[in-house]
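The values are calculated or read from the model by the stated rules, or taken from the named source; none is laboratory data. Keep in mind that what you see is a predicted model, and the values were worked out from it rather than measured. Backbone-built Cβ (ideal geometry, glycine too); neighbour counts: all protein chains shown.
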Amino acid sequence: MRQVTTHNSRIAWRRFDCSKSPLHLEATLRTGQSFRWCRDANGVWWGTIESVGVALWQPDGEPYGDLYWQTFPEPDLWEVVEDYLQLRTDLESLYCRWSFAEPRLAEVFRAFAGLRVLRQPPEECLFAFLCATTNTVTKIERSVRYLAERYGARICTGLDKPATLFAFPSVSALSAADERDLRAGLWGYRAPFVIKTAQKLLQKPQGWLRALRDVPYAEAHEALLEFPGVGPKVADCVCLFALDKWEAVPVDRHIYRLGVRLFLPHFEGRSLTPRLYKAVAEAFRERFGPMAGWAQQTLFYAEAGLYRRPDKESSRQRRF
DNA sequence: GATGGACCTCC
DNA sequence: GAGGTCCAT
């Protein structure tokens, strides 16, 4: 029997068997797709999905082991958790396909088995990535947390730990935010993006953003470009992480470097222009197919060195 | 189309 | 410089 009681005995944990559907919880929550998950001293991840508070725990390094979970204040909302973590998506056949298409990367895909693309609430995802430009993951996390704690509603867990969870603010709350306040709250020059994007969103029909899940990728991508502070990369992040566009490939400097090095060596040394952005994204889609965005996410994790390797080698050392 | 600079702030 | 975007040449 595992140490189920040691990580937090006061939580009425539920258990999900990942043996047929791997989940690498730490990599999934720390790949820079979502920025509000916090890990407490017991190793429990705390976060929110819409207005639901969530606790997650998994033994380290066991993506095929058990996932422990619970929701707050209403308990046992498995559908919410399963949907967010996309646990019904079969990864094993994907790894086979990707490794066949690109044998040089087979080892990487296996090393990070269970790293999943999340299915996030679209609004939170859009606003979070508005602050991702020229920024660091740590600072993005603090910026998004600031928005939630300043403008969001408190979620009650009924436990004394964690101290507090906050739902992501409503669009109308953000549209009325004070620019100086946001600037001071780590948003800097991105502050007006938040307010203007919120105001623009308010003018759309109810549920407009979420409804982009049902339109083709190209259409959703183009629609997102209307918003101030949203360029091709941010639009692709929202498409992939919140709008079910699994062929979307966000090309940041890391993915660009990797893509040019492995797939388009004749572009080596050239800067990332819109044309080359598209070329790299297309190269991913040609190799990895309609779920190229999932492959991109694993390769981003490896290339950006976000993970801590068990040995003492530098996390930046490349293995491919 | 491609290139250059500005933009908040923290490490 | 950091997981870009915008505006000017």
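A few remarks follow.
- Counting the residues of segment A:210-241 that are more than 12 Å from DNA strand C (Cβ to nearest atom) and either surrounded by fewer than 21 Cβ atoms within 10 Å (Cβ to Cβ) or among the aromatic types (Phe, Trp, Tyr) (or both) gives 11.
- Subset of segment A:79-112 [surrounded by fewer than 19 Cβ atoms within 10 Å (Cβ to Cβ) and in contact with a strand residue (DSSP E or B) (Cβ under 6 Å, 6 or more places away or on another chain)]: A:Val80
- Filter pass, A:Gly185 being in the same structural domain as A:Asn135 (by TED's automatic domain parsing), outside any loop (DSSP other than H, G, I, E, B) and in contact with a Phe, Trp or Tyr (Cβ under 6 Å, 6 or more places away or on another chain): yes
- Residue check: A:Leu29 meets all listed conditions (1) within 19 Å of A:Ala304 (Cβ to Cβ); (2) more than 13 Å from the chain's Cα centre (by Cα) but one, namely (2).
- Among the residues of segment A:198-224, not one is of a type in the set (Lys, Arg) and within 16 Å of DNA strand B (Cβ to nearest atom).
- Test: residue in segment A:58-68 that is buried (at least 22 other Cβ atoms within 10 Å of the Cβ), touching a strand residue (DSSP E or B) at 6+ places or on another chain (Cβ under 8 Å) and not assigned by TED's automatic domain parsing to the domain that holds A:Gly305: yes
- Filter result (of a type in the set (D, E, K, R) and touching a Pro at 6+ places or on another chain (Cβ under 9 Å)) within segment A:6-47: A:Arg14, A:Asp40
- Residues that are assigned to a helix (DSSP H, G or I) and under 23 Å from A:Lys245 (Cβ atoms) are absent from segment A:147-170.
- With respect to (1) within 25 Å of A:Pro75 (Cα to Cα); (2) more than 16 Å from DNA strand B (Cβ to nearest atom), the lone exception for A:Arg145 is condition (2).
- One residue alone among A:Arg150, A:Arg180, A:Arg190 is crowded, with 19+ Cβ neighbours inside 10 Å and within 16 Å of DNA strand B (Cβ to nearest atom), and that residue is A:Arg190.
- Those residues of segment A:69-78 which are surrounded by fewer than 18 Cβ atoms within 10 Å (Cβ to Cβ) and either in contact (Cβ under 8 Å) with a residue 40 or more places away in the chain or within 20 Å of A:Glu141 (Cα to Cα) (or both), in sequence order: A:Pro73, A:Pro75, A:Asp76, A:Trp78
- Residues located in segment A:42-54, provided they are aliphatic (A, V, I, L, M) and in contact (Cβ under 8 Å) with a residue 60 or more places away in the chain: A:Ile49, A:Val52
- Criterion: without any contact (Cβ under 8 Å) to a residue 60 or more places away in the chain and near DNA strand C (Cβ under 10 Å from one of its atoms) - qualifying residue of A:Gly269, A:Gly259, A:Gly305: A:Gly305
- Scanning segment A:93-129 for residues that are in contact with a helix residue (DSSP H, G or I) (Cβ under 8 Å, 6 or more places away or on another chain) and without any contact (Cβ under 8 Å) to a residue 12 or more places away in the chain yields A:Ser99, A:Ala106.
- Residue check, A:Ala132 in contact (Cβ under 8 Å) with a residue 12 or more places away in the chain, part of a loop (DSSP other than H, G, I, E, B) and within 15 Å of DNA strand B (Cβ to nearest atom): yes
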